[in-house]
Amino acid sequence: MTNVPTHWYNIAVDLPKPLPPPMDPYEGESRIALLNRIMPSELLHQEFTALQYVPIPEEVRDIYARLGRPTPLRRARGLERLIDNRVKIYYKFEGALPGGSHKLNTAVPQVYYALRDGAKEVATETGAGQWGLAVSIAAALIGVKATVFMTKSSFMSKRQRVLFMRTYGATVYPSPSEVTKYGIEALKANPNHPGSLGLAISEAIDYTLQGEGRRYIPGSVLEFVLMHQTVIGQEAIEQIPEEPDLVVGCVGGGSNFAGLTYPFIGAKLRGEGFEGTRFLAVESKAAPKLTQGRYEYDFPDSGGLLPMIRMLTLGHNYVPPPSHAAGLRYHGAAPSLSLLVREGIVEARAYTQEEALEAGVMFARSEGIVPAPESSHAIRAVIDEARRMPKGSVILFNLSGHGLLDPDAYERVS
């Protein structure tokens, strides 16, 4: 385990401004108090910690190593040739992990902390299914039950991920479901509701409150989730042979982008390197919160069960159109990422599904890896930037997952 990071990095310590704290709504019960009932206690401690580096438990590091950390850093020489060898392109390949994405980096510690709190079951939401699959794997390895509420449009189109979640022992419901009051209300209002991550979060929390021995664990947006993912960037700093001019990642709630970039951004903010490096967050035009959202306090879930957080948001009732990149269909972005975008430290760009998948096909045919539809948004930006950056520039991006379980996405573009 010598090459597996020993700590997670907390960027809150290095931000140019303090993070606005979570807030209860003006009326009703305290949502902050509710967190103590539904989430593992250590995760709440990490959400508000003042530590710059949080120790990773040895049991978690051991599972990280067993699952394949550190993941490889590769040079995209085929893609470089395709765009006339103008720039050097490196990518961190999180698709090498068993679930096919970066999501295990936080699923493992979250399930571990839930078990340490005495939980027998964890409940969560998922969009395209990468997070749900990661939770299913982590729960199977650690020995707890997993229940997953999956956005209905993805539940219907990503049947292979549903199958594998169930193979690992998880119970999977399409959201909106008939299991919770929020699902029932949504179906009553619209029997053909495609689902949203905000609604799936509300269902998972409601389900958690219905039974004893359950804990809710989130897939993105909250700061401890982003912090767990920083093993990606810490490894990348050790692996990359030259300083990047541009670092790119796609954004749903912000965890995989933060996982790669935050260790670099933190060093830049502290004056410890990467002074000339730019950071580009790429989102889907189906949910353009970074480029079109409002910076305000909003609920992370559509039911308003969680505390309000200040973020770039399209509104917690926003229902995005169905998209193959369902992991990017979230209505808001993590508070730290929202702040970095507002301060101009991180740039933001949005692409259509068609633009992203075209780039995904180019990457597959030049590198031999079919990227996840979400990751293809980052690849689109890499290609566009590479064509206009000075010759010899260096780009690093996070290939946050493979697309081998996303045949529906590539059916019409291949």
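Things worth noting here:
- Any hit, the stretch 215-227, residues being aromatic (Phe, Trp, Tyr) and under 30 Å from residue 273 (Cβ atoms): yes
Residue by residue, here is whether (1) crowded, with 18+ Cβ neighbours inside 10 Å; (2) touching a Ser or Thr at 6+ places or on another chain (Cβ under 7 Å); (3) part of a helix (DSSP H, G or I); (4) basic (Lys, Arg) holds:
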{"residue": "279", "(1), (2), (3), (4)": "yes, yes, no, no"}
{"residue": "311", "(1), (2), (3), (4)": "yes, yes, no, no"}
{"residue": "327", "(1), (2), (3), (4)": "yes, no, yes, no"}
{"residue": "350", "(1), (2), (3), (4)": "yes, yes, no, no"}
{"residue": "365", "(1), (2), (3), (4)": "no, no, yes, yes"}
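- Residue count for the stretch 379-393, restricted to those that are of a type in the set (Val, Ile, Thr) and either buried (at least 20 other Cβ atoms within 10 Å of the Cβ) or within 17 Å of residue 257 (Cα to Cα) (or both): 2
- Of all residues in the stretch 63-103, those satisfying the criterion of being over 18 Å from residue 368 (Cβ atoms), basic (Lys, Arg) and surrounded by fewer than 18 Cβ atoms within 10 Å (Cβ to Cβ) are 66, 86.
- Within the stretch 104-137, the only residue that satisfies the criterion of being farther than 23 Å from residue 300 by Cα and buried (at least 24 other Cβ atoms within 10 Å of the Cβ) is 137.
- Enumeration of residues in the stretch 149-160 that are farther than 15 Å from residue 329 by Cβ and touching a residue at least 40 places away in the same chain (Cβ under 8 Å): 160
- Residues of the stretch 361-414 satisfying the condition of being of a type in the set (Val, Ile, Thr) and under 28 Å from residue 153 (Cβ atoms): 361, 369, 370, 379, 382, 383, 413
- Positions within the stretch 282-307 being surrounded by 22 or more Cβ atoms within 10 Å (Cβ to Cβ), modelled with pLDDT of 90 or more and charged (D, E, K, R), in sequence order: 283, 289, 298
- Contacts under 6 angstrom Cβ, first residue in the stretch 389-413 being over 9 Å from residue 372 (Cα atoms), partner crowded, with 18+ Cβ neighbours inside 10 Å and among the charged types (D, E, K, R), 6 or more apart: 393/245; 394/88; 394/245; 398/92
- Residue in the stretch 313-324 that is at pLDDT below 95, aromatic (Phe, Trp, Tyr), over 16 Å from the mean Cα position of the chain (by Cα) and surrounded by fewer than 22 Cβ atoms within 10 Å (Cβ to Cβ) present: yes
- Residues that are part of a helix (DSSP H, G or I) and either under 17 Å from residue 398 (Cβ atoms) or in contact with a Ser or Thr (Cβ under 8 Å, 6 or more places away or on another chain) (or both) within the stretch 268-277 comprise just one, 268.
- Looking across the stretch 165-178, just one residue is within 20 Å of the chain's Cα centre (by Cα) and in a helix (DSSP H, G or I), and that is 165.
- When the stretch 244-254 is limited to residues that are out of contact with any Asp or Glu (no Cβ under 9 Å at 6 or more places or on another chain) and more than 8 Å from residue 277 (Cα to Cα), the one that is surrounded by the most Cβ atoms within 10 Å (Cβ to Cβ) turns out to be 254.
- Residues in the stretch 207-239 that are closer than 18 Å to residue 126 by Cβ and at pLDDT below 95: 218, 219, 220, 221, 222.
- Here residue 344 meets each of (1) outside any helix (DSSP H, G or I); (2) at negative phi with one exception, condition (2).
- Screening residue 56 on (1) among the aliphatic types (A, V, I, L, M); (2) under 29 Å from residue 93 (Cβ atoms); (3) modelled with pLDDT under 95 shows it passes everything except condition (3).
- Check on residue 259, at pLDDT 95 or above, assigned to a helix (DSSP H, G or I) and closer than 27 Å to residue 320 by Cβ: yes
- Every residue from the stretch 179-231 that is assigned to a helix (DSSP H, G or I), touching a strand residue (DSSP E or B) at 6+ places or on another chain (Cβ under 6 Å) and farther than 17 Å from residue 149 by Cα: 227, 228
The values are calculated or read from the model by the stated rules, or taken from the named source; none is laboratory data. Nothing here was measured: the structure is a model prediction, and the numbers come from that model. As a convention, Cβ positions derive from the backbone with ideal geometry for all residues, glycine included, and neighbour counts pool all protein chains shown.
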